[in-house]
Every structure is written in C-alpha cells, then in structure tokens.
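Here is the structure we will look at.
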Amino acid sequence: MDTLHPPPADPRPASVEPEQSVQTESLDHYKEALRVRFPGVEEIFRKAEQRQRAHKAAVKTGATTAVIAIFAASLWILDPVYRSETFATAVGETRSHVLADGSTVALNTGSTLDVQWRLRSRQLRLARGEAMFRVAHGVRDFIVHTPHARVRDIGTAFNVRLDEAGGNSGTALTVVEGAVEVRNDTDAIVLTAGQAILAAPSGLLPPHATDLAVSTAWQRGKLVFDGTPLHRAVDEMRRYHSAAIVLDIPDAQASALRLSGEFDHRRIDTLLDLLPTILPVRLQRRPDGEVVITAKTVPVGRP
C-alpha cells in the first residue's frame, strides 16, 4: 500500500502582502519627520558646536573691524608725517623746485624751507628767507608756517618773505593769484590777488594793494627801488651780498637819501660802485670784503 507524502516546501521567501508594504512606508515617513522635529543627542551637540564656532568668528571679525576703524580714525586726527624734506639756498643764490604733488616753490637768497608730507595735509615751514609758491590743487590742505603766521592756500600763487630785523620785522605775504587765508593766534583774514599784508609780532596789520611787478621782481633777478630810503635799499643789498655792508650814516640823513631804479641782484658789487654816482655818498672796501658807505662831506665854503 503506497504512503502519501506532502509536497516539498518552496525555498523562496513568501511575498509580502501589498497592505503590509504600504504600512511600512507610512511608518518610515513618520520616523523621518520625528528625526527632523526631535533630533538625537549627537545632532544636538553637532549643531551647538557649529553655532559656537560661527559666534566666535563673528565676534572676531567685529573686533578686528572695530580696531581697524579706531586706528584709521586716530591716524586721520593725528595727521602723521610720512615724508620730510628740506630745501635751502645760499646767500646770493635763487633756486626753484617741483614738489611731489606738482606744486612749485622758488627760493630767494639765503632761504630755508622744511616740507612735511602728512596723511591729510601738506605742511611747510619757512625758517628764513623768502619763497614763492604755486600750489597744485589737491584734497589735502597746503599750509605755510612762519614764526608770525600760518598761510593756507585756497588755490593760488603767493609770495612769503620772512624779515627778522628792522622796522618791518615779521612775515610779508603777497598774493599773486587766487586767494589765501592768513591766520595768527587771534585773527584770520582772506586775501585775494594783488593784496599784501604784514604779519608782525604784534599781530596782523591791515591788508593793502601792492605792485606785483615789484614784489616778485626777485624772480626775474631784479631789485626794484622807487624812491626807497637808502637804509632800506641797503637792507635789500645785504640779502644778496656775502660780505657785510655797513651804512655809516645817521638814520635821519640816510632816510633823506632816496634810491630809484632796477638793478641786477646778482651784481650787488656793481650797484654799490654806482652809489657814489647817484647819491652823495662815499664807498670804502676793506680787505675782508666788507663795504662801508659814508656820507660825502661838502668842503667848507661850497654850497
């Protein structure tokens, strides 16, 4: 009698029913949403570290920016010097220079000019002598200092002369083109072309009109006298003469002697030799080069 056996089992896995698959996908969707809404401990720490690093970077950047801003503001206020130079002429010498900004300066005899290039200004100091400035326009102020005044350019050409002795002691300023502001410790005034002013130790004197051809004659190599008292004319000659010139005539008498004419300041000795032919004076030259000017005496009995 034959024995009946069950059919062999199918080794392939049983297929998942469609309803079970749909349920699994639905659960996975909720699990992902929960992870986003409620991150795990590792995720919480990772994001916290990221925020901390970002905060430190922001603080560092802000601090650096603040330091740079403070430093820049300090530099602007302090107006530091980044370059200096000095120009000078000997007695009897004149010379012109072109500055780094395109401005030009002409120095008269026996002059010294110190130039400071600063962050927001151009500062110049006339220590002695005379200088003519033609200023190139720029965003930085162009200021000339003397012991008696401060001259600020307002787009111009101007002449500055420093006299430390005599009745006209002070700083003489002449505006050739444009305008300048002249200032001392207490006053300030704006001058325009054709005006001149004397900044004396006692203060700024009233401005006045001037003959520019006379004021700037030295740039043409000339001395111009127009009824100038002898003692003042001799003061001018001394500026261009290396040896001493002594005027041995009483002031009252010397003031009465007047000199007129245009002369070459490079030939002062020639001018001195001409004086006895123009005025009633005598000239004596000493071995050391000194020149002595005395009054010509009139013989008794002659008018």
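Computed quantities for the displayed model
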quantity: Residue under evaluation residue 170, criteria (1) open to solvent by 30 Å² or more (accessible area, probe 1.4 Å); (2) touching a His at 6+ places or on another chain (Cβ under 7 Å), criterion not met; calculated: (1)
quantity: Residue list for the stretch 179-204, restricted to those being modelled with pLDDT of 95 or more and not in a strand (DSSP E or B); calculated: 193, 194
quantity: Within the stretch 151-206, considering residues that are in contact with a Gly (Cβ under 8 Å, 6 or more places away or on another chain) and β-branched (Val, Ile, Thr), the one nearest to residue 232 (Cα to Cα); calculated: 175
quantity: Hits in the stretch 205-231 - residues which are over 27 Å from residue 136 (Cα atoms) and not polar (S, T, N, Q); calculated: 205, 206, 223, 224, 225, 226, 227, 229, 230, 231
quantity: Hits in the stretch 107-126 (condition: open to solvent by less than 30 Å² (accessible area, probe 1.4 Å) and in a strand (DSSP E or B)); calculated: 107, 112, 113, 115, 117, 121, 122, 124, 126
quantity: Considering residues of the stretch 213-262 that are of a type in the set (Val, Ile, Thr) and part of a helix (DSSP H, G or I) only, the residue modelled with the lowest pLDDT; calculated: 214
quantity: Residue check, residue 160 surrounded by 23 or more Cβ atoms within 10 Å (Cβ to Cβ), part of a strand (DSSP E or B) and touching a strand residue (DSSP E or B) at 6+ places or on another chain (Cβ under 7 Å); calculated: yes
quantity: Cross-chain or 6+ apart pairs with Cβ under 6 Å, the stretch 257-268 first and closer than 15 Å to residue 247 by Cα, then β-branched (Val, Ile, Thr) and open to solvent by less than 30 Å² (accessible area, probe 1.4 Å); calculated: 259/228
quantity: Enumeration of residues in the stretch 190-205 that are farther than 10 Å from residue 149 by Cβ, within 23 Å of the chain's Cα centre (by Cα) and surrounded by 15 or more Cβ atoms within 10 Å (Cβ to Cβ); calculated: 191, 193, 196
quantity: Check on residue 293, open to solvent by less than 40 Å² (accessible area, probe 1.4 Å) and of a type in the set (Val, Ile, Thr); calculated: yes
quantity: Subset tally (residues that are among the small types (Gly, Ala, Ser), surrounded by fewer than 19 Cβ atoms within 10 Å (Cβ to Cβ) and assigned to a strand (DSSP E or B)) for the stretch 94-106; calculated: 1
quantity: Any chance residue 302 is closer than 22 Å to residue 111 by Cβ, open to solvent by 70 Å² or more (accessible area, probe 1.4 Å), among the basic types (Lys, Arg) and modelled with pLDDT under 95; calculated: no
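The rows are residues; the columns are (1) under 37 Å from the mean Cα position of the chain (by Cα); (2) open to solvent by 70 Å² or more (accessible area, probe 1.4 Å); (3) within 27 Å of residue 162 (Cβ to Cβ).
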residue	(1), (2), (3)
224	yes, no, yes
238	yes, yes, yes
242	yes, yes, yes
259	no, no, yes
263	yes, no, yes
281	no, no, no
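The values are calculated or read from the model by the stated rules, or taken from the named source; none is laboratory data. Values in this document were obtained by computation on a predicted structure and should not be read as measured data. No Cβ is skipped: glycine too gets one built from the backbone with ideal geometry, and neighbour counts run over all protein chains shown. Surface accessibility is based on the protein's heavy atoms, side chains included, excluding ligands, DNA and RNA. Shrake-Rupley method; radii C 1.70, N 1.55, O 1.52, S 1.80 Å.
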